[in-house]
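Enquirer: Can you read through this structure? Questions will come right after.
The values are calculated or read from the model by the stated rules, or taken from the named source; none is laboratory data. Nothing here was measured: the structure is a model prediction, and the numbers come from that model. Cβ coordinates were reconstructed from backbone atoms using ideal geometry, including for glycine residues, and neighbour counts include every protein chain displayed.
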Ligand code: BG6
């Protein structure tokens, strides 16, 4: 039993339902009134709203809900590869394009939290891209003002395998020009806009005045999205994910991305908790788990 540390107004609920585009998924509601929608397509957390209905994570105004296309926004799972860092031809791997299975029932011993668990098992389609037997299990848990997500990968093959991975979270911000990411000062990063050359961040915070696409390596586990436009910060605490990608497409890339609205770049930034610099290596029968906790901190005016 998880003991309550949030003011409860109602029971937390999880309901299997049909979501946008007629796609199956689940609607979660925490005891404090936060809500979330999680699609079986990609085990994709597509929304997380606070009790006032404000978006905490961003969903594109032009998101497409037609599998196998990945949903633009929310928390796409990049597995078994982040970007092109691995042997797959497919950018960010296949997990975000696949149909996951619902694992029932939700954990009803969780008295504060609404939770949903989904599973992806190797299939002919995944083997064609990545010839390994695996079981991936994703859980989203909405508890009070926090969103907990975790991914467990089990090697069910007879041989070892390696992968890279990211929880590609799109955070909604009130005004990109005033938003920043704190916690990366002095961290080393590969600049994806400059041939992935290694640089060191000397700034106190990452700010957004142009396109940003950086793979920070071996960062601290606690990073903060400062969002004065929404009078809030979001604290990210990641586990077993040493790296963090920071991305905003800015003007031109948004115009060239069909499922992003032309001005959407003003309303989000991505901080992607990841394991990329050193691929995760799993022996047959071994299991590996990573996760992140996202916590909203409201600023009083
Ligand atoms: C980020 C990458 O993780 O994802 C960017 O660092 C990329 O280079 C972005 O543009 C979006 O990727 P996709 O495949 O969802 O368009």
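Enquirer: Only one of (1) surrounded by fewer than 20 Cβ atoms within 10 Å (Cβ to Cβ); (2) out of contact with any helix residue (DSSP H, G or I) (no Cβ under 6 Å at 6 or more places or on another chain) fails for residue 250. Which number is that?
Expert: Of (1) surrounded by fewer than 20 Cβ atoms within 10 Å (Cβ to Cβ); (2) out of contact with any helix residue (DSSP H, G or I) (no Cβ under 6 Å at 6 or more places or on another chain), only one is false for residue 250: (2).
Enquirer: Please find, within segment 20-47, the residue that is nearest to residue 296 (Cα to Cα) out of those that are modelled with pLDDT of 95 or more and not in a strand (DSSP E or B).
Expert: The selected residue is 43.
Enquirer: If you scan segment 202-235, which residues turn out to be buried (at least 16 other Cβ atoms within 10 Å of the Cβ) and within 16 Å of the ligand (Cβ to nearest atom)?
Expert: Across segment 202-235, the qualifying residues are 206, 208, 211, 212, 213, 214, 215, 216, 217, 219, 223, 225.
Enquirer: Any idea how many residues of segment 255-280 are part of a loop (DSSP other than H, G, I, E, B) and touching a strand residue (DSSP E or B) at 6+ places or on another chain (Cβ under 8 Å)?
Expert: First, the residues of segment 255-280 that are part of a loop (DSSP other than H, G, I, E, B): 256-263.
If we keep only those that are touching a strand residue (DSSP E or B) at 6+ places or on another chain (Cβ under 8 Å) as well, we get none.
Within segment 255-280, residues that are part of a loop (DSSP other than H, G, I, E, B) and touching a strand residue (DSSP E or B) at 6+ places or on another chain (Cβ under 8 Å) number 0.
Enquirer: When segment 127-143 is examined, which residues are found to be crowded, with 22+ Cβ neighbours inside 10 Å and either closer than 18 Å to residue 280 by Cβ or in contact with a helix residue (DSSP H, G or I) (Cβ under 9 Å, 6 or more places away or on another chain) (or both)?
Expert: Initially, segment 127-143 is screened for residues crowded, with 22+ Cβ neighbours inside 10 Å, giving 136, 138, 140-143.
Answer for segment 127-143, where residues must be crowded, with 22+ Cβ neighbours inside 10 Å and either closer than 18 Å to residue 280 by Cβ or in contact with a helix residue (DSSP H, G or I) (Cβ under 9 Å, 6 or more places away or on another chain) (or both): 136, 138.
Enquirer: Check residue 255 against each of (1) buried (at least 19 other Cβ atoms within 10 Å of the Cβ); (2) more than 11 Å from the ligand (Cβ to nearest atom) and name the one condition it does not meet.
Expert: The one condition residue 255 does not meet is (1).
Enquirer: Name the one entry in 103, 116, 64 that is loosely packed, with under 15 Cβ neighbours inside 10 Å and either farther than 30 Å from residue 255 by Cβ or more than 15 Å from the ligand (Cβ to nearest atom) (or both).
Expert: Numbers: 116 fails: loosely packed, with under 15 Cβ neighbours inside 10 Å; 64 fails: either farther than 30 Å from residue 255 by Cβ or more than 15 Å from the ligand (Cβ to nearest atom) (or both).
Matching residue, one of 103, 116, 64: 103.
Enquirer: Have a look at 117, 137 and point out the one that is touching a residue at least 24 places away in the same chain (Cβ under 8 Å) and not in a loop (DSSP other than H, G, I, E, B).
Expert: On inspection, the qualifying residue turns out to be 137.
Enquirer: Hey, any hits in segment 189-200 for a residue that's outside any strand (DSSP E or B), more than 16 Å from the ligand (Cβ to nearest atom) and out of contact with any helix residue (DSSP H, G or I) (no Cβ under 6 Å at 6 or more places or on another chain)? Even if it seems obvious, please write down each step before you answer.
Expert: Our first condition is that a residue be outside any strand (DSSP E or B); within segment 189-200, this holds for 192-196.
If we keep only those that are more than 16 Å from the ligand (Cβ to nearest atom) as well, we get none.
No, every residue in segment 189-200 fails to be outside any strand (DSSP E or B), more than 16 Å from the ligand (Cβ to nearest atom) and out of contact with any helix residue (DSSP H, G or I) (no Cβ under 6 Å at 6 or more places or on another chain).
Enquirer: Which numbered condition trips up residue 53, out of (1) more than 15 Å from the ligand (Cβ to nearest atom); (2) farther than 20 Å from residue 151 by Cα; (3) in contact (Cβ under 8 Å) with a residue 24 or more places away in the chain?
Expert: Going through (1) more than 15 Å from the ligand (Cβ to nearest atom); (2) farther than 20 Å from residue 151 by Cα; (3) in contact (Cβ under 8 Å) with a residue 24 or more places away in the chain one by one, residue 53 breaks only (3).
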